[in-house]
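Okay, so here's the structure we're looking at.
The values are calculated or read from the model by the stated rules, or taken from the named source; none is laboratory data. This structure is a prediction, so every number in the text was calculated from the model and none was measured. All Cβ positions, even for glycine, are placed from backbone atoms using ideal geometry, and neighbour counts span all protein chains on display. Accessible surface is based on the protein model in full, side chains and every heavy atom, while ligands, DNA and RNA are left aside. Shrake-Rupley method; radii C 1.70, N 1.55, O 1.52, S 1.80 Å.
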Amino acid sequence: SGDPRRALELTKRSVELFREFGTPMNHGRSLLNLGEAHALLGEREPSLRCYEESLELLRRCGDRYGEAVLLGNFVDAYRERGDTQAARQAAEQKLQISREIGDRLGEATAIRQLGSCLGALGDLDRCSEMLREALRICREIGDRRGALMATGTLGEMGSARSNLHRAAEHYAEALEEARAIGEREVEGELCWALGGVLEKLGELDRAAET
């Protein structure tokens, strides 16, 4: 796991070195890493400042893969800030770039992020469609964690629609996958979500087993 504060200090040093001696791409990617280090510590505004500076550099040097990764980070940062429209725009940009450069993993991630944004904006139909598309791609390319995240979010959409049986199915499937790949924190979240749905369905014995 490591020490996130120590990691932050080391990443700051790499930014300083790349700023003075490195290429614009290395400098831009080191700023991306620094933004992620701030994000791990819950330091949202410093994280966003790093992402913004990184984006300018990566666009200038034509690093489209790095730009797409960065846009995905913007999605998460904007969602945490409560700016769902900005998150949606960043997800749409990430999706376009990922498709243009043939990055299937990035494409699936962007579709899942965009679907989640649409769900937060109230468009549950398009949200569910995009999550199913993301799930299909993740299964095709063997991205088990991405499939887990898409399936879990489908459970959230089922719950939001009051389709509790469907929500329980998705949560149970996601829970099985989380256990299989050792995602313990996600497993805990899914146990709580599935248990809550099962209680609403009156399946108390099954809820107690989750």
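Couple of notes before you dig in:
- Qualifying residue in region 151-170 (condition: in contact (Cβ under 8 Å) with a residue 12 or more places away in the chain, farther than 23 Å from Glu80 by Cα and open to solvent by less than 20 Å² (accessible area, probe 1.4 Å)): yes
- Criterion violated by Ile141 - all others in (1) crowded, with 18+ Cβ neighbours inside 10 Å; (2) closer than 25 Å to Ala87 by Cβ; (3) of a type outside the set (Gly, Ala, Ser) satisfied: (1)
- Scanning region 76-106 for residues that are part of a helix (DSSP H, G or I) and under 13 Å from Leu121 (Cβ atoms) yields Tyr78, Arg79, Thr84, Gln85, Ala86, Ala87, Arg88, Gln89, Ala91, Glu92.
- Contact annotation: residue pairs with Cβ atoms under 7 Å, 6 or more positions apart or on different chains, pairing a residue in region 61-75 that is open to solvent by less than 50 Å² (accessible area, probe 1.4 Å) with a partner that is of a type in the set (Phe, Trp, Tyr) and at pLDDT 95 or above, are Leu70/Tyr51; Asn73/Tyr51; Phe74/Tyr51.
- Options Glu43, Glu56, Glu80; residue that is without any contact (Cβ under 8 Å) to a residue 60 or more places away in the chain, more than 15 Å from Pro24 (Cβ to Cβ), of a type outside the set (A, V, I, L, M, F, W, C) and open to solvent by 60 Å² or more (accessible area, probe 1.4 Å): Glu80
- Across region 87-106, the number of residues qualifying as open to solvent by 20 Å² or more (accessible area, probe 1.4 Å) and in contact with a helix residue (DSSP H, G or I) (Cβ under 9 Å, 6 or more places away or on another chain) comes to 11.
- Arg136, sole failed condition from (1) open to solvent by 10 Å² or more (accessible area, probe 1.4 Å); (2) under 30 Å from Arg64 (Cα atoms); (3) in contact with a helix residue (DSSP H, G or I) (Cβ under 8 Å, 6 or more places away or on another chain): (3)
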